[in-house]
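**Q** Dropping the structure in here first, questions after.
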Amino acid sequence: MVPLSEPWWKKSVVYQIYPRSFMDSNGDGIGDLQGIISKIPYLQRLGIDVIWLSPIYDSPNDDNGYDIRNYEAIMSEFGTMEDFDQLLEEAKKVGIRIVMDLVVNHTSDEHHWFIESRSSKDSQYRDYYIWREGNGELPPNNWESVFSGSAWEKEKNTNSYYLHLFSKKQPDLNWEHQPLRDDIYKMMSYWLDKGIGGFRMDVINFISKDSKLLDGKVYAGQLYGDGSPYYINGPNIHTYLQEMNAKVLSHYDVMTVGEMPGTSTDEAKIYTDPSNQEVNMIFTFEHMNIDHGPFEKWDIQPFNLVKLKKVLEKWQTALYNKGWNSLYWNNHDQPRVVSRFGCDDEKYREKSAKMLAICLHMLQGTPYIYQGEEFGMTNVKFKSIEDYRDIETLNMYKEKSNQGIPHKEILDSIYAAGRDNARTPMQWSTDGGFSTGTPWINMNPNTPKINAELALEDTSSIFYTYQKLIQLRKEHDIITYGRFQLLLANHVNLFVYKRIFEKQEWLVISNFSKETELLDLSCCKIQDYKFKVIIANYEDIKIEGNTLKVRPYEAFVLSFGRG
Ligand code: NOJ
């Protein structure tokens, strides 16, 4: 039985909007809030419940809004506070909640707190950031920034260094300082009082640093040390999240999702166990990192389905009845999954995209769809580094070029792993449809073939697979509450799992390859071979006797038993 008091976000599907690339209403080449408002009917048609808006706050855009200058103002390129209020209202009318991005590990160096903090050691805002004296001529420690280079920057005014785990225009906030925490909570209440649906919390498990700030280990071939053991899931993280919950979040009916790289399932259980009052769910990275090399994401490894299944199984079983999973393949930091994970983004693009959708949405957790995923947008290969915009990509390019790594080799890693793969503008129509001006980043040249307009016209398109998956979630409790069981863990091409709830069993089968595979149903421990097809990405199911024939990138869900 499903308890009556279950929270709404367990049955919700979230759609992530990266505003800069979603829809431009005024022809300046940059997506904006009025553009989003104009697409609410599209999102309503898809059937999603929640929009997660990547940052829309005032920002100098060193990291596309993840460097906030003013938490209570809207980025002028995106519109005004009136536009935001209108978006909230229009979305509410059709039952869509808006979840905001909460970026509080760092601000922009143009935030007034930092301007004052850097001005003098006596500033009342000095302790809002993390300042240290240098180690002779060297920075305070050897930590590397996530965006390459040292994580410390020397400030001339006071001749000391500030910590920036991301770009030097993103100084880290000092969460040990209570006045800073109180200011953050005030800001959160400002948005919650407007009626937003919750927060996605940017690298929230980085906010508590071990104050000793010890040197990190330097791995082979690396220039800097890995400080992450000293700032990921740091000493006071649970205290801060519980305080945030008690002082702010517990007063509202909202959802929270913590972006938490480097978090184990044991830690995730602590973060998401409802009795701990921290966050509702987290974004884990373990399944996204399976094709990364040991030290960095740019060192792409071949896709290994067995590894992916193992990781997902671990998360599905560890959090069952304890915490809650987020489910995602894509976001603004990840290359497009249809061009990744063994998939084929050309001949089998439609099949691959639907297979990935079915495979993910049948797991337990709250699914996130990233703009364009719903009609199979792919990675992009720009010819010149000049066409790229992402700070992480550009810094890495500079660093590796300086090390003498050939241009082509670096470009290949950008094609596979760069964040701009996800940031090319939404492909609304055959002629683009994103902007009447010149987009801030080029559109993917495959727009005439892959776009929302074509997808909407074709009732067998990827869009309608997503639409159906969202509907199924509303209709069948097994998707939300069923137990997960992995079958054929070592099969190299098939991902086969069961969901089990009351007297029902659903079998979910996905082929992550171009091979046709034969599957004997007897290995799936099914009692009764009579089944109903819940959803599929081919027109029929091929079965002879007890043997299923699973075609390239085929996926389907079979229901056995009652219901
Ligand atoms: C994670 C965000 O998703 C990413 O886009 C951003 O660059 C970093 N955090 C820093 O805010």
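**Q** Scan the range 11-27 and give yes if some residue there is more than 20 Å from LEU102 (Cα to Cα), assigned by TED's automatic domain parsing to the domain that holds GLU89 and among the acidic types (Asp, Glu), otherwise no.
**A** yes
**Q** Take the residues in the range 147-173 that are under 17 Å from TYR66 (Cα atoms) and free of Cβ contacts under 8 Å to residues at least 60 places away in the same chain; name whichever of them is nearest to the ligand (Cβ to nearest atom).
**A** The residue in question is HIS164.
**Q** Something else: For TYR129, all conditions in the list (1) in contact with a Pro (Cβ under 8 Å, 6 or more places away or on another chain); (2) farther than 30 Å from ASP215 by Cβ; (3) more than 15 Å from the ligand (Cβ to nearest atom) hold save one; what is the number of the exception?
**A** That leaves (2) as the condition not met.
**Q** To continue, here is another question. Mind checking whether some residue in the range 357-368 is closer than 28 Å to GLU539 by Cα, open to solvent by less than 20 Å² (accessible area, probe 1.4 Å), within 16 Å of the ligand (Cβ to nearest atom) and assigned by TED's automatic domain parsing to the domain that holds ASN304?
**A** yes
**Q** Right, THR447: in a loop (DSSP other than H, G, I, E, B), among the β-branched types (Val, Ile, Thr) and open to solvent by less than 30 Å² (accessible area, probe 1.4 Å) or not?
**A** It is true that THR447 is in a loop (DSSP other than H, G, I, E, B), among the β-branched types (Val, Ile, Thr) and open to solvent by less than 30 Å² (accessible area, probe 1.4 Å).
**Q** So, in the range 417-433, exactly how many residues are hydrophobic (A, V, I, L, M, F, W, C), within 16 Å of GLU374 (Cα to Cα) and open to solvent by less than 10 Å² (accessible area, probe 1.4 Å)?
**A** Qualifying residue count, the range 417-433: 2.
The rows are residues; the columns are (1) in contact with a strand residue (DSSP E or B) (Cβ under 8 Å, 6 or more places away or on another chain); (2) basic (Lys, Arg); (3) within 15 Å of the ligand (Cβ to nearest atom).
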position: THR263; (1), (2), (3): yes, no, yes
position: ASP273; (1), (2), (3): no, no, no
position: MET288; (1), (2), (3): no, no, yes
position: GLU296; (1), (2), (3): no, no, no
position: ASN304; (1), (2), (3): no, no, no
position: LYS307; (1), (2), (3): no, yes, no
position: VAL311; (1), (2), (3): no, no, no
position: LYS322; (1), (2), (3): no, yes, no
position: SER326; (1), (2), (3): yes, no, yes
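**Q** Let me ask something additional. State whether one or more residues within the range 95-103 are touching a residue at least 12 places away in the same chain (Cβ under 8 Å), in the same structural domain as ASN330 (by TED's automatic domain parsing) and open to solvent by 40 Å² or more (accessible area, probe 1.4 Å).
**A** Checking the range 95-103: at least one residue is touching a residue at least 12 places away in the same chain (Cβ under 8 Å), in the same structural domain as ASN330 (by TED's automatic domain parsing) and open to solvent by 40 Å² or more (accessible area, probe 1.4 Å).
**Q** Within the range 491-528, how many residues turn out to be farther than 25 Å from TYR481 by Cβ and not aliphatic (A, V, I, L, M)?
**A** Residues in the range 491-528 being farther than 25 Å from TYR481 by Cβ and not aliphatic (A, V, I, L, M): 12 in total.
**Q** Still on this model: Got at least one residue in the range 164-172 being open to solvent by 40 Å² or more (accessible area, probe 1.4 Å) and more than 24 Å from the chain's Cα centre (by Cα)?
**A** no
**Q** Residues in the range 520-546 that are surrounded by 13 or more Cβ atoms within 10 Å (Cβ to Cβ) and closer than 11 Å to LEU558 by Cβ: how many?
**A** Matching residues across the range 520-546 total 10.
**Q** Among the listed residues LYS525, LYS549, LYS474, LYS514, which satisfies the condition of being among the basic types (Lys, Arg), at pLDDT 95 or above and over 27 Å from CYS343 (Cα atoms)?
**A** So the residue among LYS525, LYS549, LYS474, LYS514 that is among the basic types (Lys, Arg), at pLDDT 95 or above and over 27 Å from CYS343 (Cα atoms) is LYS474.
**Q** Restrict the check to the range 284-307 and report whether at least one residue is of a type in the set (Asp, Glu) and over 27 Å from LEU356 (Cβ atoms).
**A** no
**Q** Given the conditions (1) under 25 Å from the mean Cα position of the chain (by Cα); (2) closer than 30 Å to PHE147 by Cα; (3) open to solvent by 10 Å² or more (accessible area, probe 1.4 Å), which single one is not true for ILE441?
**A** Going through the list (1) under 25 Å from the mean Cα position of the chain (by Cα); (2) closer than 30 Å to PHE147 by Cα; (3) open to solvent by 10 Å² or more (accessible area, probe 1.4 Å), ILE441 breaks only (3).
**Q** Which residue, of GLU374, GLU392, GLU350, is over 30 Å from ASN490 (Cβ atoms), away from the ligand (no atom under 16 Å from the Cβ) and part of a helix (DSSP H, G or I)?
**A** Exactly one residue qualifies, and that residue is GLU374.
**Q** Take the conditions more than 30 Å from ASP273 (Cβ to Cβ) and within 16 Å of the ligand (Cβ to nearest atom) and apply them to ASN64. Does it pass?
**A** Against the criterion (more than 30 Å from ASP273 (Cβ to Cβ) and within 16 Å of the ligand (Cβ to nearest atom)), ASN64 qualifies.
**Q** Does GLU144 satisfy being among the charged types (D, E, K, R), farther than 20 Å from TYR230 by Cβ and touching a residue at least 24 places away in the same chain (Cβ under 8 Å)?
**A** Spelling it out, it is not the case that GLU144 is among the charged types (D, E, K, R), farther than 20 Å from TYR230 by Cβ and touching a residue at least 24 places away in the same chain (Cβ under 8 Å).
**Q** Residue by residue through the range 175-227, note down the ones that are at positive phi, at pLDDT 95 or above and part of a loop (DSSP other than H, G, I, E, B).
**A** Those that are at positive phi, at pLDDT 95 or above and part of a loop (DSSP other than H, G, I, E, B): GLY195, VAL203, LEU213.
**Q** Within the range 109-122, is there a residue that is more than 15 Å from the ligand (Cβ to nearest atom), surrounded by fewer than 20 Cβ atoms within 10 Å (Cβ to Cβ), of a type outside the set (Gly, Ala, Ser) and modelled with pLDDT under 95?
**A** Checked against the condition, which is being more than 15 Å from the ligand (Cβ to nearest atom), surrounded by fewer than 20 Cβ atoms within 10 Å (Cβ to Cβ), of a type outside the set (Gly, Ala, Ser) and modelled with pLDDT under 95, the range 109-122 yields no hits at all.
The values are calculated or read from the model by the stated rules, or taken from the named source; none is laboratory data. All figures in this text were calculated on a predicted structure; none of them were measured in a lab. Cβ atoms come from the backbone with ideal geometry, glycine included; neighbour counts cover every protein chain shown. SASA here: full protein model, heavy atoms, side chains in, ligands and nucleic acids out. Shrake-Rupley method; radii C 1.70, N 1.55, O 1.52, S 1.80 Å.
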